Amino acid sequence: MSDRPRHPNSTSRRNMLKLAGFALTTPALLRASWAAAEQPVTYVGWGGAAEEASRAAVIDPFIKETGIAVQIVSGPDLSKARGQVMSGQIEWDVINTAGFVMTSGEEAGIWETLPPDLVPASDLKVPMRKSSAPFMQYAGVMAYAPGRSGDKFPRTFKDFFDPDNFPGRRGLRTYAGQTLEMALLADGVPPQSLYPLDVERAFAKLDKMKPHVAKWIEQTQQTISLLQNGEIDFSFTYNGRVESARASGIDIDFSRDQSLILTQYLAVLKGSPRAEKAFKLISYFMDPARQAELSRLYFSIPTRISAKGLIRPEIAARLPDLSNPNNVLMNDTWWADHQIELDRRFKEWLAT
């Protein structure tokens with residue numbers, strides 16, 4: 001070993017190699033980062049009529065106006081979003097999903113914080129969240145075929161759960177959310193007292209109803225097609241789906257006496273290299289004129305107060321009435337805490 005002292009400013013051969021390697025790799029890293037930022041913004045939606053309406057009302061005009069490319073994929077899954085963020089391999093940018101999913105994602109820290117000036121708070125029916133923007137509401141409704149049912153169809157969830165007075169084959173969804181609410185409302189729980197849900201009471205009501213359910217429906221499009229094909233007489237579905245089917249000539253309508261009101265949110269995956277462009281897309285979704293156009297195409301309920309005056313009267317007349325005291329706004333916070341547990345229990349109950 002040499003006793004020769006090293007000068008404090010001297011650089012070893014190993015350090016020189018490290019510096020050289022860093023100098024070589026840094027441009028490559030920067031190029032990769034720039035390349036990622038220049039890729040299209042990926043928007044994750046739900047497919048079907050909702051996606052077609054979002055494309056026509058918002059995404060295509062956004063591309064034309066800003067020059068920012070957007071690609072659309074379907075299937076906004078929370079576990080996939082979490083996996084992308086945890087691995088740093090971000091494929092999605094803007095995700096469109098339900099409020100309780102957004103709440104779970106916020107608790108996990110997988111969404112970017114939205115710009116505070118994205119939307120004026122005073123012009124919103126539903127408050128902004130730190131990491132997600134409420135861009136539309138819609139209704140879970142009871143659909144029927146007027147040509148077959150005439151005036152004898154369920155108007156409330158109590159009616160829907162009353163096969164003696166309203167005979168017919170029912171279709172319900174295969175997950176707990178919305179179904180438990182329906183059961184409790186049918187059992188006489190006042191809408192304003194629904195939460196926290198009395199889970200045991202809900203399952204007891206479902207036990208009585210189970211033999212009268214002809215189809216347990218997993219795919220949303222089947223809530224319409226099974227009714228259209230005559231395999232069921234009454235279906236729990238969504239107002240936008242019904243309106244799209246009506247527009248195509250299908251014999252279908254829904255009761256406006258009672259419904260469940262759901263809110264859809266938009267968020268940006270944490271670490272997205274295209275976050276600034278993604279924020280611009282969300283801002284465009286929140287524009288009153290875009291929301292009014294989305295309402296025209298899909299009969300969604302705008303979250304911007306100023307959008308109301310932009311909606312045609314004939315469209316407004318078909319929208320669910322948020323002021324109806326029989327309607328229930330889904331409690332996303334409650335479901336964020338209970339969804340995994342209750343979905344598991346519900347699937348086990350279905351299998352028995």
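For this structure, a couple of remarks:
- Around the Cα centre of the chain, unit charges on the Cβ atoms of Lys, Arg, Asp and Glu (plus for the first two, minus for the last two) sum to a dipole of about 1120 debye.
- Cβ-derived FRET efficiency at R0 22 Å, Gln219 paired with Ser79, nearest 0.05: 0.70
- With Cα atoms, 0 to 90° folded angle of helix 99-108 axis to the chain main axis: 30
- Loop-located GluC sites (Glu not before Pro) in the stretch 150-229, at most 15 other Cβ atoms within 10 Å (DSSP): Glu218
- Between the alpha-carbon centres of the stretch 107-157 and the stretch 200-214 there is a gap of 27 Å.
- Each Lys or Arg adds one and each Asp or Glu subtracts one; over the other residues with Cβ under 14 Å from the Cβ of Glu91, this totals +2.
- Secondary-structure-derived ellipticity at 222 nm for the chain, considering helices only, amounts to -12500 deg cm²/dmol, per-run term -39500 (n - 2.57) for DSSP H runs with n ≥ 4.
- Over 31 Å (Cα to Cα) - which of Lys125/Lys277; Lys125/Lys208; Lys152/Lys208; Lys152/Lys210 fall in this group: Lys125/Lys208
- Rounded to the nearest 20 debye, the dipole magnitude of the stretch 169-270 is 180 debye, with +1 charges on Lys and Arg beta carbons, -1 on Asp and Glu beta carbons, and the Cα centre as origin.
- For the chain, modelled as a GNM whose springs connect Cα atoms under 10 angstrom apart, the maximal fluctuation among Asn165, Asn331, Asn239 occurs at Asn165.
- Angle in degrees between helix 199-209 and the longest Cα principal axis of the chain, rounded to the nearest 10: 50
- Near Ser259, the amide H atoms lying under 5 Å from its own belong to Asn327, Val328; only residues 5 or more places off or on other chains count, and H is placed 1.01 Å from N.
- Looking at the chain, the DSSP beta bridges with both ends there are about 60 percent antiparallel.
- Matching label, mean projected area of the Cα convex hull in nm² computed from the structure shown, candidates (1) 25.2; (2) 21.8; (3) 17.6: (1)
- Chymotrypsin sites (Phe, Trp or Tyr not before Pro) restricted to DSSP loop in the stretch 42-81 with at most 11 other C-beta within 10 Å: none
- Degrees, to the nearest 10: 176-186 long Cα axis against longest axis of the chain: 30
- For the pair the stretch 274-291 / the stretch 294-352, the C-alpha centres are spaced 21 Å from each other.
- For the options Val268, Val328, Val119, a Gaussian network treatment of the chain with springs between C-alpha atoms closer than 10 Å singles out Val119 as fluctuating the most.
Any read-out appearing in this document is the output of simple, stated calculations on the displayed coordinates, not a laboratory observation. Note that the coordinates shown come from a computational prediction; the quantities given were computed from them, not determined experimentally. In this analysis, Cβ positions are derived from the backbone assuming ideal geometry, glycine residues included, and neighbour counts consider all displayed protein chains.
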